[in-house]
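Peer 1: There's a structure below that I have some questions on.
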Amino acid sequence: MRTHLGVRTPDSSLRRPLPADLDALTGSRDRVVDVIRLSSLVVVIAGHSLMLTVSAADDGLHLGNLLADVPVMQGATWLLQILPLFFFAGAAAATYGLQSHPSSSTGHWLLARAQRLLRPVFWYLLAVVAALLVAVGVGFSSAADVIAHLGVQLLWFLGAYLLVLAVVPMLQRISTSRQLLAAIGACWGATALIDVLRLAVGVPSVGVLSFLTVWTVPAILGVGYAKRLVSSAQAVVGALVFLAVDIGLVVVGPYEVSLVTVPGQQLSNMNPPSLLLAGHTIVLCAAAIALRGPLSALVNRPRIWWWVVLGTRGAMTLYLWHLPVLGFIIGAGELAGLGRDQTHPAACVAIVATQTVLLLALMVPVVALLSGRENDPLPWWDAPLCREAGPMRDRAVLVGLLVVGIATLMMARTGLADDGLRWAAVAVAGAIVSRAIALPRRV
């Protein structure tokens, strides 16, 4: 999308496009997909800020979660947990791409997507590792522990997203509403079976499979959205049915209300993803399909579309860097005596709300400054892919990227320490091997 962000003027210079310029240049795009993708990230970022609590003690900083301190607020996660919509939008966008340029080389297609997806991650990890080494070097052990875990915690999303993208080409076989419903039912049913095995039978290790079964659900609905297989009326009915199912799972089942992990929980709905979260993704994505008309009318306004285009250009930068920026804001607040551990509830609410607004405002210049790392090609990583790859070569690329996805998930769960470092090495090795296999052969 980089070529759409500069408009040539009569003197041959490039200027930032005006809203009318972008409106004309991107008239054929499904703008609803882009606004859903960006909105989901913005809400997730705001949610992280609203939930995070920090307290300072003699032994260092202690991170907490407002949802653990005020359990009644856990119901708000049914509105704030909208990351599944990113998977939904990603699958819809991938479907449009596959419809325009059909490809039987799944591995090379996935690597083309991973080139853009992982490019900003390389720079981000370099910054995290550098900060971790500095903290260790100066003896700030508590800060080093926070960086080692919180610095890579959000990368679980990239691992899960890679695994789901690998399934998207197979999902293109869905061509009818009945097939779509069957695919959703298969994933929801498989997740139910996994939960029975890990919660009732006592086989917790199978829970890792739900990362694929749950996060494939929004991808299926994204494919259905792109192929117009679900009407607005059907989407409304589906959303209401699964909302009722989800409420029933909380009332009579073992599931807790919060759709994000909260300290002290007996059962997390996120790690691993639960049947409740699977149902929640259906509700969200069905609602998005039902609201397609109003969303389209909103984003067709040139000025709103201008912000959406610029935001989606730096979407991964926005996601990756919001926690470091939030950490800076909270740290500055602590130094100014405006910590989040205020005893007066009104003062705490005011500080958290102000810092959340400040975070969203600061992410605008941060994305403007760092999104170049997301859009500028890397010399070796972004080299052209081999166009004459045989089936075996393509499968090898696919396997390598699946290894990257799984290893990234495991690294995010454990942090950059002990086993986490080994998983990080596996992820990097998988990316390098996949890229090397896909290099064009020299004649």
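The values are calculated or read from the model by the stated rules, or taken from the named source; none is laboratory data. These numbers were taken from a predicted model, which means no experiment stands behind them. Positions of Cβ are generated from backbone atoms using ideal geometry, with glycine treated the same way; all protein chains shown enter the neighbour counts.
Peer 1: Pairs needed: first member in segment 346-361, buried (at least 16 other Cβ atoms within 10 Å of the Cβ); second member anywhere, of a type in the set (S, T, N, Q) and in a helix (DSSP H, G or I); C-beta distance under 6 Å; at least 6 residues apart or different chains.
Peer 2: That search, which allows pairs on different chains as well, returns T356/S49; L359/S49.
Peer 1: May I ask you to verify whether L338 is out of contact with any strand residue (DSSP E or B) (no Cβ under 8 Å at 6 or more places or on another chain) and either surrounded by 17 or more Cβ atoms within 10 Å (Cβ to Cβ) or closer than 21 Å to L150 by Cα (or both)? Full working, then the answer.
Peer 2: Details: out of contact with any strand residue (DSSP E or B) (no Cβ under 8 Å at 6 or more places or on another chain): yes; either surrounded by 17 or more Cβ atoms within 10 Å (Cβ to Cβ) or closer than 21 Å to L150 by Cα (or both): no.
Against the criterion (out of contact with any strand residue (DSSP E or B) (no Cβ under 8 Å at 6 or more places or on another chain) and either surrounded by 17 or more Cβ atoms within 10 Å (Cβ to Cβ) or closer than 21 Å to L150 by Cα (or both)), L338 does not qualify.
Peer 1: Yes or no: segment 392-399 includes at least one residue that is over 17 Å from R116 (Cα atoms), surrounded by 15 or more Cβ atoms within 10 Å (Cβ to Cβ) and within 21 Å of the chain's Cα centre (by Cα).
Peer 2: No, the conditions are met nowhere in segment 392-399.
Peer 1: Go through (1) within 20 Å of M51 (Cα to Cα); (2) of a type in the set (A, V, I, L, M); (3) surrounded by 13 or more Cβ atoms within 10 Å (Cβ to Cβ) and name the single condition I437 misses.
Peer 2: Every listed condition holds for I437 apart from (1).
Peer 1: Which residue, of A383, A412, is at pLDDT 85 or above, under 21 Å from G151 (Cα atoms), surrounded by 13 or more Cβ atoms within 10 Å (Cβ to Cβ) and out of contact with any His (no Cβ under 6 Å at 6 or more places or on another chain)?
Peer 2: A412
Peer 1: Which of the residues that make up segment 238-279 are assigned to a helix (DSSP H, G or I), out of contact with any Cys (no Cβ under 9 Å at 6 or more places or on another chain) and either closer than 30 Å to G64 by Cα or touching a residue at least 60 places away in the same chain (Cβ under 8 Å) (or both)?
Peer 2: Listed by number, the residues that qualify are L243, D246, I247, G248, L249, V250, V251, V252, L275, L276, L277, G279.
Peer 1: Name the single residue, out of those in segment 243-273 being touching a helix residue (DSSP H, G or I) at 6+ places or on another chain (Cβ under 8 Å) and over 21 Å from M51 (Cα atoms), that is surrounded by the most Cβ atoms within 10 Å (Cβ to Cβ).
Peer 2: D246
Peer 1: For a quick check of your reading of the model, give me the residue pairs whose first member lies in segment 81-92 and is of a type in the set (A, V, I, L, M), whose second is not in a helix (DSSP H, G or I), with beta-carbon atoms closer than 9 Å and at least 6 apart or on different chains.
Peer 2: If the second residue must be not in a helix (DSSP H, G or I), the pairs left are A92/D30.
Peer 1: Only one of V136, V164, V168 is closer than 28 Å to G47 by Cα and assigned to a helix (DSSP H, G or I); which? So that I can check it myself, show each step before the final result.
Peer 2: Values: V136 fails: closer than 28 Å to G47 by Cα; V168 fails: closer than 28 Å to G47 by Cα.
The conditions single out V164.
Peer 1: Scan segment 416-431 and tell me whether some residue there is without any contact (Cβ under 8 Å) to a residue 12 or more places away in the chain, part of a loop (DSSP other than H, G, I, E, B) and among the acidic types (D, E).
Peer 2: Taking every residue of segment 416-431 in turn, at least one turns out to be without any contact (Cβ under 8 Å) to a residue 12 or more places away in the chain, part of a loop (DSSP other than H, G, I, E, B) and among the acidic types (D, E).
Peer 1: May I ask you to list pairs of residues, at least six apart or on different chains, whose Cβ atoms are under 9 Å apart, with the first in segment 217-237 being on the phi > 0 side of the Ramachandran plot and the second being buried (at least 22 other Cβ atoms within 10 Å of the Cβ) and at pLDDT 95 or above?
Peer 2: Matching pairs, first to second residue: none at all.
Peer 1: Within 30 Å of G331 (Cβ to Cβ) and at pLDDT 90 or above: is that true of Q74 in this structure?
Peer 2: No: the conditions fail for Q74.
Peer 1: Now for a separate question. Considering only segment 217-237, state which residues are in a helix (DSSP H, G or I) and within 24 Å of the chain's Cα centre (by Cα). Steps first, answer last, please.
Peer 2: Applying the first criterion (in a helix (DSSP H, G or I)) to segment 217-237 yields 217-226, 232-237.
Selection gives V217, P218, A219, I220, L221, G222, V223, G224, Y225, A226, A235.
Peer 1: Considering only helices (runs of 4 or more DSSP H) fully contained in segment 280-351, which possess at least 1 residues that are of a type in the set (F, W, Y) and in contact with a Leu (Cβ under 7 Å, 6 or more places away or on another chain)? Walk me through it before giving the result.
Peer 2: Working: elements: 292-299, 302-313, 315-335.
The qualifying helices (runs of 4 or more DSSP H) are 302-313, 315-335.
Peer 1: If you check V214 against the conditions, is it modelled with pLDDT of 95 or more, farther than 30 Å from L416 by Cβ, part of a helix (DSSP H, G or I) and among the aliphatic types (A, V, I, L, M)?
Peer 2: Judged against the criteria, V214 is not a match.
Peer 1: Scan segment 93-119 for residues that are part of a loop (DSSP other than H, G, I, E, B) and either in contact (Cβ under 8 Å) with a residue 60 or more places away in the chain or β-branched (V, I, T) (or both) and report the count. Full working, then the answer.
Peer 2: From segment 93-119, those part of a loop (DSSP other than H, G, I, E, B) are 101-105; that's our starting set.
Now narrow it down to the ones that are either in contact (Cβ under 8 Å) with a residue 60 or more places away in the chain or β-branched (V, I, T) (or both): 103, 105.
Of the residues in segment 93-119, 2 are part of a loop (DSSP other than H, G, I, E, B) and either in contact (Cβ under 8 Å) with a residue 60 or more places away in the chain or β-branched (V, I, T) (or both).
Peer 1: Moving on. For segment 171-189, give me each residue that is surrounded by fewer than 17 Cβ atoms within 10 Å (Cβ to Cβ) and either among the aromatic types (F, W, Y) or in a helix (DSSP H, G or I) (or both).
Peer 2: S177, R178, Q179, A182, G185, A186, G189, listed by residue number.
Peer 1: Please state which of the following conditions R198 fails to meet, knowing it meets all the rest: (1) surrounded by 14 or more Cβ atoms within 10 Å (Cβ to Cβ); (2) over 25 Å from the mean Cα position of the chain (by Cα); (3) more than 30 Å from V72 (Cα to Cα); (4) charged (D, E, K, R).
Peer 2: Single failed check for R198: (3).
Peer 1: Conditions: (1) modelled with pLDDT of 90 or more; (2) part of a strand (DSSP E or B). A127 meets all but one. Number of the miss?
Peer 2: Single failed check for A127: (2).
Peer 1: Residues that are on the phi > 0 side of the Ramachandran plot and not in a helix (DSSP H, G or I): does segment 377-393 have at least one?
Peer 2: Step one: list which residues in segment 377-393 are on the phi > 0 side of the Ramachandran plot, which gives none.
Scanning segment 377-393 turns up no residue that is on the phi > 0 side of the Ramachandran plot and not in a helix (DSSP H, G or I).
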